[in-house]
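Asker: The structure follows.
The values are calculated or read from the model by the stated rules, or taken from the named source; none is laboratory data. Since the structure is predicted, the reported quantities are computational estimates derived from the model, not experimental observations. Please note: Cβ atoms are built from the backbone with ideal geometry, for glycine as well, and neighbour counts cover all protein chains shown. For the accessible areas, the whole protein counts, side chains as well, though only heavy atoms, and no ligand, DNA or RNA atoms are used. Shrake-Rupley method; radii C 1.70, N 1.55, O 1.52, S 1.80 Å.
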Amino acid sequence: MPGVTDPTRTCFNYGDLVTLHDMVSNGDLLVAALNRNPDKPAVYLGDEVLTGAQVAAEVSRYAQAMASLGIGQGSPTAVLALNRPEVLFNMGAGMVLGARGTPLHPMGSLDDHVYILTDAGTETLVVDTTIFGERAAELAKALPSLRILTFDPSDLGESLPALAAGFEPQPLVAARVDPDDVGSLAYTGGTTGKPKGVMMPPRSSVTMTQIQLAEWDWPDEPRFLIATPLSHAGAAFFIPTLLKGGSIVVIPWFDPELVLETIEKFRITATMVVPTMLYVLLDHPGFADADLSSLETVYYGAAAMSPTRLTEAIEKMGPIFVQFYGQAECPMAICVMNRADHDLSRPERLASCGRPAPWVRVRLLDDDGNEVPKGQPGEICVQGPLVMLGYWNKPEQTAEAFAGGWLHTGDIAREDDDGFFYIVDRKKDMIVTGGFNVFPREVEDVIGEHPSVAQVAVIGVPDERWGETVKAVVVARPGATVEVDELIALVKDRKGSHVAPKSVDVVDDIPVSALGKPDKKALRERYWAGAARQVN
C-alpha cells in the first residue's frame, strides 16, 4: 500500500492491544457456536433440553463464578469427574476464560493423581464428589494448598454450580490467548514410569476442530451421544457438534444397555466409540432388537479395530463408520477414513487408519530419518499446527519426540498405492523372535477373523531359546469354544511359522486402560514378572 513502509501485526481496539493476525481460540469457537444457534437444542439433561442460549447462560455463570475466585487466563486447573453436563459447563467456562486445564483419568491411581497435580502446578481441582469423594479427600490431605471445588454439595469444598447460580448471565466474550500458550496439559503414559504432560496450544485444538469439520463425515443434523470420557476424546466432539447446529446427549459412562436405550430414545445420529466398546455392543444380547436406524455416523479410534469385527459391524449397522487416527501429542486428526472408504468389496482397506489430513505433513521415516519406499514399514512422523509444544518439564523426552524436526508417533505403518496408511504396530511393541521382527497387529488381525474370537491381544513373552516368542491372549465369543491349535494353524498358514504364536491363552477379559484401550503393559506384567527388562 502507498505510504506503508513498516506494516505491523498489532492494532488497538477499545484500548486493548490485540494481534491482527492471531487465530481464534476454542473459546471463540464455542461462543460462535452458541450464538449461532441460540434457539436450537444444544445439551440434553435427562428429559430436559437446553438451547444454545441457555447453555451460553450456564457457561457465563460458571465463568463468572470461577473469575470471582481468581481463576482466569493461564490459571492451572484440573477436573476429576465422570460424564455429566456440568462438566461441559465447567469446560466451556475454562475455554472462555483461557484457563489451563488438566483432566485426571477417572481410573487413575492416587499416586498418579498426586504426581500430575503437583507436576502441573494445579491450583484448583473441580471434583464430582458423588463418585470421587474419597479420592478428593485423599488429594486434599496430600496437597494442602490445592483448592477443591465440587459439582455437588460437599464438605470438601465450595459447590461450583451453587456459586454460579448467584450470577446473572452476561454476553460471552472469549479471552484473547496466544496461539502458542499452553492451553491444556493432557497427561499420557511414559517410558520412565511417570506420566508425561503434553503441552497443547490453542492452535492445536483449533486445528483439530478445523480438520474435524472439513474432513470428517457428519450427519446433516447431529444428535451426538457422548459415552466416552469427557476428560478425553469425548470432549473433542463438543464444539464441532454445536458448530454444526447439533445437540449433545451425555451419559455418565459406557454401559451397552444404556447406550442402546439412549440411541433409541433420542434418535441419536452420531456417536464415538473405541473398538472394545463396539465389540461389547455387537455381543450384547439386546443388540439385535435395538432400533439403531437413526445412526448415520459412528466415529471410532484410540486403538486398532479388528477388520473382522468391523466387517460384522458394517453388515449389521450399515456403512456408517468413520475412523480417526491421532495421539495425545497430535490429537485425533492425523488421518481419517470416512464412510465411503469402508468398502466391503475391498476388505483389506478395513485394516487401514485412513489417509493423512491436508492440514498436517505426514511421512513414514526409518530410524535414520529417511522416508521409506512406498509399501515398506516406517514410523509415522508429523509436522504442522496440530502438533504439541512438547512435554511439560521434560526437555530430554521432548527432544527425543521431536528428533529431526518431526513428531515421532512411535507407530509403524505402511502406505498403499492410494495413500492409505496401515499401522502394523507400536514401535515399542515389536516382537523380536529368533532374529525376526513380528508386529503383533498382523497376528491380531488374522486371529480376529476366527468366528470363536471376540477380542485378541498379542505380546512377546520371554523364551530361553528364541529370546521372545509370540503369545496370543484371546477372549471367546459368548457360547463359543476356542480351539487353540486352530488359531495357531490359521496364523501359520496366513503369515508363516515364524509369525505364528507359540502359545494361546484363553481368558475372561483383556485388561484395558482408562481410555478403554487394550493395556498391553498390564498384560505383559503377567508374563514378565520379576524380569529386569521387558525384552529378552
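Asker: Looking at segment 198-230, which of its residues are at pLDDT below 95, surrounded by 20 or more Cβ atoms within 10 Å (Cβ to Cβ) and in contact with a Lys or Arg (Cβ under 9 Å, 6 or more places away or on another chain)?
Answerer: Of everything in segment 198-230, just one residue is at pLDDT below 95, surrounded by 20 or more Cβ atoms within 10 Å (Cβ to Cβ) and in contact with a Lys or Arg (Cβ under 9 Å, 6 or more places away or on another chain), namely Leu230.
Asker: Checking Thr77 against (1) buried (at least 22 other Cβ atoms within 10 Å of the Cβ); (2) over 19 Å from the mean Cα position of the chain (by Cα); (3) in a helix (DSSP H, G or I), which test does it fail?
Answerer: Going through the list (1) buried (at least 22 other Cβ atoms within 10 Å of the Cβ); (2) over 19 Å from the mean Cα position of the chain (by Cα); (3) in a helix (DSSP H, G or I), Thr77 breaks only (3).
Asker: Here is a further query. Do you know which residues across segment 292-333 are closer than 23 Å to Val198 by Cα, part of a loop (DSSP other than H, G, I, E, B) and either modelled with pLDDT of 95 or more or not hydrophobic (A, V, I, L, M, F, W, C) (or both)?
Answerer: Passing the criteria: Gly301, Glu329.
Asker: Right, here's the next one. Against the condition at pLDDT below 95 and either of a type in the set (A, V, I, L, M) or more than 30 Å from Glu312 (Cα to Cα) (or both), how does Asp367 come out, does it pass?
Answerer: Considered against the rule, which asks whether it is at pLDDT below 95 and either of a type in the set (A, V, I, L, M) or more than 30 Å from Glu312 (Cα to Cα) (or both), Asp367 comes out as yes.
Asker: Please tell me if Trp392 is surrounded by 16 or more Cβ atoms within 10 Å (Cβ to Cβ) and free of Cβ contacts under 8 Å to residues at least 60 places away in the same chain.
Answerer: Spelling it out, it is not the case that Trp392 is surrounded by 16 or more Cβ atoms within 10 Å (Cβ to Cβ) and free of Cβ contacts under 8 Å to residues at least 60 places away in the same chain.
Asker: Then there's this: Within segment 17-40, track down each residue that is assigned to a strand (DSSP E or B) and open to solvent by 60 Å² or more (accessible area, probe 1.4 Å).
Answerer: Leu17
Asker: Out of (1) on the phi > 0 side of the Ramachandran plot; (2) touching a residue at least 40 places away in the same chain (Cβ under 8 Å), the odd one out for Gly479 is which?
Answerer: (2)
Asker: Let me ask you something else. With Glu58, Glu168 as the choices, which residue is among the charged types (D, E, K, R), closer than 30 Å to Ala33 by Cα, open to solvent by 40 Å² or more (accessible area, probe 1.4 Å) and not in a helix (DSSP H, G or I)?
Answerer: Every option except Glu168 fails the conditions.
Asker: Within segment 413-453, track down each residue that is part of a strand (DSSP E or B) and open to solvent by 20 Å² or more (accessible area, probe 1.4 Å).
Answerer: Arg414, Glu415, Tyr422, Ile423, Arg426, Val432, Phe436, Asn437 - these are the residues of segment 413-453 that are part of a strand (DSSP E or B) and open to solvent by 20 Å² or more (accessible area, probe 1.4 Å).
Asker: Which of the strands (runs of 3 or more DSSP E) contained wholly in segment 221-279 include at least 1 residues that are in contact with a Leu (Cβ under 6 Å, 6 or more places away or on another chain)?
Answerer: Qualifying strands (runs of 3 or more DSSP E): 247-250, 270-273.
Asker: For segment 365-410, name all the residues that are part of a strand (DSSP E or B) and within 22 Å of Ile423 (Cβ to Cβ).
Answerer: Across segment 365-410, the qualifying residues are Leu365, Glu371, Gly378, Glu379, Ile380, Cys381, Val382, Gln383, Leu407, His408, Thr409, Gly410.
Asker: Moving on to the next point. Within segment 108-122, is there a residue that is open to solvent by 50 Å² or more (accessible area, probe 1.4 Å), in a loop (DSSP other than H, G, I, E, B) and farther than 24 Å from Trp253 by Cα?
Answerer: no
Asker: Just give me the residues in segment 81-101 being of a type in the set (Val, Ile, Thr) and either at pLDDT 95 or above or open to solvent by 20 Å² or more (accessible area, probe 1.4 Å) (or both), in sequence order.
Answerer: Result: Val96, single match.
Asker: Next question, about the same structure. State the number of residues belonging to segment 286-306 that are over 15 Å from Leu225 (Cα atoms), open to solvent by 20 Å² or more (accessible area, probe 1.4 Å) and touching a residue at least 60 places away in the same chain (Cβ under 8 Å).
Answerer: Counting residues in segment 286-306 that are over 15 Å from Leu225 (Cα atoms), open to solvent by 20 Å² or more (accessible area, probe 1.4 Å) and touching a residue at least 60 places away in the same chain (Cβ under 8 Å) gives 3.
Asker: In contact with a Phe, Trp or Tyr (Cβ under 6 Å, 6 or more places away or on another chain), over 27 Å from Ser247 (Cβ atoms) and either buried (at least 20 other Cβ atoms within 10 Å of the Cβ) or modelled with pLDDT under 95 (or both): does that describe Arg355?
Answerer: Spelling it out, Arg355 is indeed in contact with a Phe, Trp or Tyr (Cβ under 6 Å, 6 or more places away or on another chain), over 27 Å from Ser247 (Cβ atoms) and either buried (at least 20 other Cβ atoms within 10 Å of the Cβ) or modelled with pLDDT under 95 (or both).
Asker: Inspect all residues belonging to segment 369-378 and state whether any of them is small (Gly, Ala, Ser), in contact with a helix residue (DSSP H, G or I) (Cβ under 8 Å, 6 or more places away or on another chain) and open to solvent by 30 Å² or more (accessible area, probe 1.4 Å).
Answerer: yes
Asker: Next up: Tell me, yes or no, whether segment 255-267 has at least one residue that is over 30 Å from Pro103 (Cα atoms), surrounded by fewer than 21 Cβ atoms within 10 Å (Cβ to Cβ), touching a Phe, Trp or Tyr at 6+ places or on another chain (Cβ under 8 Å) and not charged (D, E, K, R).
Answerer: Checked segment 255-267: no residue is over 30 Å from Pro103 (Cα atoms), surrounded by fewer than 21 Cβ atoms within 10 Å (Cβ to Cβ), touching a Phe, Trp or Tyr at 6+ places or on another chain (Cβ under 8 Å) and not charged (D, E, K, R).
Asker: Quick check on this structure: which one of Pro153, Pro161 is under 20 Å from Leu30 (Cβ atoms) and surrounded by fewer than 20 Cβ atoms within 10 Å (Cβ to Cβ)?
Answerer: Exactly one residue qualifies, and that residue is Pro161.
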